[in-house]
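The values are calculated or read from the model by the stated rules, or taken from the named source; none is laboratory data. Quick caveat: nothing in here was measured; it's all calculated off a predicted structure. Heads up, the Cβs are rebuilt from the backbone with ideal geometry, glycines too, and the neighbour counts pull from every protein chain shown.
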Amino acid sequence: MSTFILNIETATTNCSVSISKNGETVVLKEDNDKSYSHAERLHVYIDEALKEVGITGADLSAIAISKGPGSYTGLRIGVSTAKGLCFALDKPLIAVPTLEALAHQVALESGVVVAMLDARRMEVYSAIYDASFTEIRETQAQILEDNAFAELLQSGKVYFIGNGVEKTKTLITDSNAIFVEDKLPSANEMSALAYEKYQNNNFEDVAYFEPYYLKDFVALKPKAKTK
């Protein structure tokens, strides 16, 4: 019996929907609209994807959502849609880390991948994975500096991917740095990851699940002026 999973990715400006069959993407609908059109397009893409595959929501085995980090508004829209579908269709919810799926867009035999999303100013949300996509440094909010990732770069090739690359490449000139440009998280790479979680019954509590926002940096209060 085939396992169909609906994958939803809304952590960035890319509104992305895929349907997978036994872990393979069979249809992908996405559009990177800088104005964050998720509220208008997400449900349209879901309906179109189901029709193209020739199934209904009842035929789905699970709903998978990109859990974050990312845009607060984008994550809220995606998660509320996924949870609504899970409740309406009585399907399990699967959460896929956004940066892990993003890292899988890089094809590498050695070295490491730094998946990064733009936060603000010189800040990014990033996680680091080895060549087999095992997480070797958890997701962090970090301020980019000239010596960022210096130790990694000394040990071999480092692939940087995501919309945090633009400001990273202005700081890092090491020859081991490889910048994979113009890439955003996509529901396409969620397919295999969500299917693996489905096979392991790795589901979320639909009622209580919340996106992984990764709290913003807290600015220090300015010192009081001395009279």
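Here is a check on your reading of the model: is I77 within 16 Å of the chain's Cα centre (by Cα) and hydrophobic (A, V, I, L, M, F, W, C)? Break it down into steps so the answer makes sense when it comes.
Working: within 16 Å of the chain's Cα centre (by Cα): yes; hydrophobic (A, V, I, L, M, F, W, C): yes.
The answer is yes for I77.
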Unique match (being surrounded by 15 or more Cβ atoms within 10 Å (Cβ to Cβ) and in contact with a helix residue (DSSP H, G or I) (Cβ under 7 Å, 6 or more places away or on another chain)) among L89, L99, L108: L89
Residues that are in contact with a Gly (Cβ under 7 Å, 6 or more places away or on another chain) and among the charged types (D, E, K, R), drawn from region 151-176: K157
Any chance T13 is modelled with pLDDT of 95 or more, out of contact with any Gly (no Cβ under 6 Å at 6 or more places or on another chain) and of a type in the set (V, I, T): no
Every residue from region 14-49 that is over 15 Å from L85 (Cβ atoms) and among the aromatic types (F, W, Y): Y36
Check on T134, more than 30 Å from A49 (Cα to Cα), at pLDDT 95 or above and among the polar types (S, T, N, Q): yes
Matching entry among N147, N163 (being touching a residue at least 60 places away in the same chain (Cβ under 8 Å), in a loop (DSSP other than H, G, I, E, B) and not assigned by TED's automatic domain parsing to the domain that holds V79): N163
Residues that are among the small types (G, A, S) and within 15 Å of V180 (Cα to Cα), drawn from region 100-126: A101, A103, A107, G111, A115, S126
Test: K223 is outside the structural domain of T10 (by TED's automatic domain parsing) and at pLDDT below 90: yes
So Q140, is it outside any loop (DSSP other than H, G, I, E, B), among the polar types (S, T, N, Q), touching a Ser or Thr at 6+ places or on another chain (Cβ under 7 Å) and surrounded by fewer than 17 Cβ atoms within 10 Å (Cβ to Cβ): yes
Condition check for S132: more than 14 Å from T12 (Cα to Cα), assigned to a loop (DSSP other than H, G, I, E, B), out of contact with any Pro (no Cβ under 6 Å at 6 or more places or on another chain) and hydroxyl-bearing (S, T, Y): yes
